[in-house]
Every structure is written in structure tokens, then in C-alpha cells.
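The values are calculated or read from the model by the stated rules, or taken from the named source; none is laboratory data. A quick note: this is a predicted structure, and the numbers were derived from the prediction, not measured. Methodologically, a virtual Cβ is constructed for each residue, glycine included, from the backbone with ideal geometry; neighbour enumeration extends over all protein chains shown. Calculation scope for accessible area: heavy atoms of the full protein, side chains included, ligands and nucleic acids excluded. Shrake-Rupley method; radii C 1.70, N 1.55, O 1.52, S 1.80 Å.
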Amino acid sequence: MNRLILKSAAVAFGSVAVSLLLTLIIVPALGFPINRTIWLTSTVCPLALAWIASATTFWQSERLKSAHRELARAHAQLAAAHRRLSEKASRDDMTGMLNRESFFAALDGSRRKSDRGALLIIDADHFKKINDSFGHLTGDDALLLIAAAIERGVRSGDVLGRIGGEEFAAFLTGATEQEAKHVAERIRREVELIRFRPVDQRTVPLTVSIGGTTCGEGIGVSDLMRAADRRLYEAKHRGRNLAILDRDVPEAA
């Protein structure tokens, strides 16, 4: 407010100075004497009018600037809220991993950026038995432990998602066949090392079966999924708690 008053005063006194200067030039040039009334008119009128007009203008300008600041702040808050909502919508509520739709979108995006990589499908073994024996809340606890083990097993930058009830997926961007086998075995081992004790301190074993495939340039997501699913079925058929990877899927023609 003080700044507004000072700015208005500066404009008002500037107006008075200009008015007096014009009076000293014009009135004698017209042949009239400069009397007290002319002096007062040349001083008071511009002082009052300019002060009021400039104060009003500066006040409205400050209000407009304040409104712009508020609008920019609201826009930033809205953008941040939109980002949070988008992020929340893309995540599985329980594990925090990407949900099925977001995982496959991210997988498709990763495939466009890199010619090489590997897809792993990770399925919890005998999970229905855990839910039937201890209840779904305990089953959720087991899933959280498995999800954490998967996160420990993958590399930085790999894409993780929960694509089914007890089924997870990982896309290992740029991984070779040997690197993919190493990561798959590390995930399997991390899950196997979990000491899950839902009741009475009795340890319930947790294991996963993993099917995977490495891929070449131009391979679609559906082809990768089919190849990884075949290896997962093979791991389940051969006794579970196994990681089996296919060789490179042939490149698209």
C-alpha cells in the first residue's frame, strides 16, 4: 500500500510540475496576467486529478498482478494434482507396481526405444493354497513380500508390473539372454529366501515360477507374451520354483 501511495504521489507532483510549466508559457503568451486563481488552478486541479487517477490505475494493476499470481499458483497446483492422479491411476494399489494396462504401455514404449530386451512373467506357486489356508489378507502379505523380492532382483531401469492376481511381469530393457537368465534366477532365489510366518511362527515356503524370452527387433508385445507364457507353463509343469527362458524370438519380417 505504501508503494502504491508513493507512486501515485510521484505521478501527481509530476503532473503539477508540467501544469505549472505550461501555465508559465501559455498564459503570458495569450496576454493574460498570472494571478492567484491561475496558480491555484494550475496546482490543485492536476494534483487532485492525477493523484486519484494514478492511484486507481496502480491499484487495479496490483490487483491484476495478484490475480495472475493466484492463477499461476492454481494452475501449478492443478498440474501437480493431475500428475499425482495419473501416477496413481497407473499403479497397482497394493504393490505400487505398474498395473496391467500401464505395464503393457510401458513395455511397448521400451520396445520402441531398444531393439533388444527380455520379458519375464513371474507367477507365485501354490498361491491359492495360501489364500485358502490363511485367508486373503495373509495372502496379500505374501504378495507384498514377493513383490519386494522381485524389485530386489531386477536391475535399475527395468519395467515392473503386476499383470494378474499373483502374476507379475518384468521387462529387462536391453538385456541379453545371459543377463536375463541371471536376473530371473536372482528373482527366483530372492523369493525362495523369504521366511514367511503367517501364524504360530511356522514358516510357509514362498516360491515363484518364471517364464521368459529374449527378443529381437520388431517383435510385438503379444508375441513376447505368448513365448514367455510357454516357458512359464513349462516351469510349472516341471515342478515349479524354476526359471526357464526361451531363446530369441525370431525377428519380424
May I ask you to list the residues in the range 184-208 that are in contact with a helix residue (DSSP H, G or I) (Cβ under 8 Å, 6 or more places away or on another chain) and acidic (Asp, Glu)? GLU190
Residue that is least open to solvent (accessible area, probe 1.4 Å), among those in the range 182-211 that are charged (D, E, K, R) and at pLDDT below 95: ARG197
Going by the conditions given, is PHE127 open to solvent by 30 Å² or more (accessible area, probe 1.4 Å) and either aromatic (Phe, Trp, Tyr) or in contact with a Leu (Cβ under 6 Å, 6 or more places away or on another chain) (or both)? no
Exclusive hit being more than 24 Å from VAL221 (Cα to Cα) and assigned by the TED database to the domain that holds TYR233, set ALA142, ALA118: ALA142
Scope the range 126-162; condition hydrophobic (A, V, I, L, M, F, W, C), in contact with an Asp or Glu (Cβ under 9 Å, 6 or more places away or on another chain) and within 18 Å of ARG100 (Cβ to Cβ); matching residues: PHE127, LEU143, ILE146, ALA147, ILE150, LEU160
Inside the range 157-168, can you point out the residues that are open to solvent by 50 Å² or more (accessible area, probe 1.4 Å) and either of a type in the set (Gly, Ala, Ser) or outside the structural domain of THR207 (by the TED database) (or both)? GLY157
Looking at the range 169-183, is at least one residue under 19 Å from ASP93 (Cα atoms), in the same structural domain as TYR233 (by the TED database) and touching a helix residue (DSSP H, G or I) at 6+ places or on another chain (Cβ under 8 Å)? yes
List the number of the failed condition for VAL154; all other conditions in (1) open to solvent by 40 Å² or more (accessible area, probe 1.4 Å); (2) modelled with pLDDT of 95 or more; (3) in contact with a strand residue (DSSP E or B) (Cβ under 9 Å, 6 or more places away or on another chain) hold. (1)
Please list, ordered by first then second residue, the pairs with beta carbon atoms under 8 Å, 6 or more apart or interchain, first in the range 114-135 and on the phi > 0 side of the Ramachandran plot, second part of a helix (DSSP H, G or I). GLY117/SER110; GLY117/ARG111
Top-ranked residue of the range 212-253 - restricted to ones that are touching a Gly at 6+ places or on another chain (Cβ under 9 Å) and at pLDDT below 85, ranked as surrounded by the most Cβ atoms within 10 Å (Cβ to Cβ): CYS215
Looking at the range 170-178, is at least one residue crowded, with 17+ Cβ neighbours inside 10 Å, touching a residue at least 60 places away in the same chain (Cβ under 8 Å) and under 22 Å from ARG240 (Cβ atoms)? no
With criteria (1) closer than 12 Å to LEU120 by Cα; (2) touching a strand residue (DSSP E or B) at 6+ places or on another chain (Cβ under 7 Å); (3) without any contact (Cβ under 8 Å) to a residue 12 or more places away in the chain, ARG226 comes up short on (2)
